[in-house]
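The structure appears right after this line, and notes come after that.
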Amino acid sequence: MARSVLKTKFISHGTLGSKDLEATRRFYEEFLGLEVVRTSPVSLMIRLGGNHVYAVVYSKKKERMPRVYHNGLDVDTDAEVDAAWQACHAQADKWGLHDIDKPSARHGTYSFLFWDGDDNAWEILSNPKGGYTWIFEQGDLEGRGHFERGFRHKRPDAKKETA
């Protein structure tokens, strides 16, 4: 690893916006299964499966999150991705979900994206334990990198089930 100017040690958090903190909290807890705590009258903190957290801050003028800035939530299998996709469609009206993509193989996983009632983008993806750490273990990639067709075969849990 290259020497850095700043001596940082941990990516501790990110930030999401919310148009309605109470509705957002219900969605995060009841639909996404996230841990949620209220941190102030205008903010929440959320986490799932580790120490990295997101601050969720109320904003009257919350804008739509571009697709490229989505948030990933891992599941164990492709079948769980498909089940999550079905659940998103079945409960879209209840939670204000929209622009729900079809699941497909992409960047070494099987996944789909959708936007919630706050216009935050989410990706549900099948990933091995540890998330994308398996890509770091391969080092710098060349050519098309993780966009290369058949990239999933490099995963530690690789099976011949889905390309």
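Just so you know, all these numbers are worked out from the coordinates, no wet-lab data involved. Please read these numbers as outputs of a predicted model, since none were measured by experiment. As a convention, Cβ positions derive from the backbone with ideal geometry for all residues, glycine included, and neighbour counts pool all protein chains shown.
When you filter the chymotrypsin sites (Phe, Trp or Tyr not before Pro) in segment 2-60 for DSSP loop state and at most 15 other Cβ atoms inside 10 Å of their Cβ, you are left with Phe10. Of the three principal axes defined by the Cα atoms of segment 25-106, the extents in descending order read 38, 29, 25 Å. Between Lys94 and Lys60, the simple label model (points 7 Å from Cα in the Cβ direction) yields a spacing of 3.2 nm. When Rg and the Kirkwood Rh are both derived from Cα coordinates, the Rg/Rh ratio for the chain amounts to 0.99. Note on Glu35 and Arg67: the model spin-label points, each 7 Å out from Cα along the C-beta direction, lie 3.4 nm apart.
With a cut-off of 15 Å between beta carbons, the residues surrounding Gly96 carry a summed charge of -2, where Lys and Arg count +1 and Asp and Glu -1.
Suppose only helical runs count, i.e. DSSP H with n ≥ 4. What mean residue ellipticity at 222 nm does that imply for the chain under -39500 (n - 2.57) per run, divided by all residues and rounded to the nearest 500 deg cm²/dmol?
-4000 deg cm²/dmol
Here the chain is scanned for GluC sites (Glu not before Pro) in DSSP loops (not H, G, I, E, B) that have at most 15 other Cβ atoms within 10 Å, and the longest stretch holding none of them is 64-136. Taking only alpha carbon atoms, segment 70-153 gives an Rg to Rh ratio of 1.02, where Rh is the Kirkwood radius.
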